[in-house]
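Student: Got a structure here, written out as structure tokens. Questions coming.
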């Protein structure tokens, strides 16, 4: 028998509570609602991690184009261009348009205009395509989310982009920390 004060005695019921909570969430929320919730969390509404809106707030073109020493690093700007590429690809596919072919993933990090005026336009484009995809998601039915589009269900493609956003938001914040442009401590509501 487990010691009533041990971690094992606590973990079992706690894990059951978590599993119950997840099952409950899926019972009261449709897939579409879940995707919409996390889609907003990735861009504008802080949840488990800061959204793009917070990570990119007040980032100058100079900071966005700063590179951490080393070969295997991308700038914030390159990362945003990369994220936009994959969002635009899904948007084009949803609209029945042909998407751009690339040789390698590295091709998606290319910046064509490094002028200081181009950076705010890049950020605007990120939020614009983010909103367009949210609007497209709003038009989809629950059944549509299960339909394959380029061999993968539409809902799964949205979820992949949400996870992709979280991953790259973390990279952006790490670059800002290394540059000294992210607060040591921050609070959120």
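Values quoted throughout were computed directly from the atomic coordinates according to the rules given, and no laboratory measurement underlies them. Bear in mind the structure is a predicted one, so any value in this text is a computation, not a measurement. Here Cβ is always computed from backbone atoms with ideal geometry, including for glycine, and neighbour counts include all displayed protein chains.
Student: For a quick check: sort 115, 73, 43 by the number of other beta carbons within 10 angstrom, fewest at the front.
Tutor: Least crowded to most crowded, the residues run 115, 73, 43.
Student: Going by the alpha-carbon gyration tensor, a ≥ b ≥ c the square roots of its eigenvalues, is the range 29-103 rounded (a/c under 1.5) or, if a/c is not under 1.5, prolate (a/b greater than b/c) versus oblate?
Tutor: It is oblate, given that a/c is not under 1.5 and a/b is not larger than b/c.
Student: Can you work out D for the range 35-189 in µm² s⁻¹ from Stokes-Einstein, where Rh is the Kirkwood radius over C-alpha pairs, the temperature is 20 °C and the viscosity is 1.002 mPa s?
Tutor: 131
Student: Normalising by the residue count of the range 30-179, find the relative contact order in percent from Cα pairs under 8 Å and 6+ residues apart.
Tutor: 35
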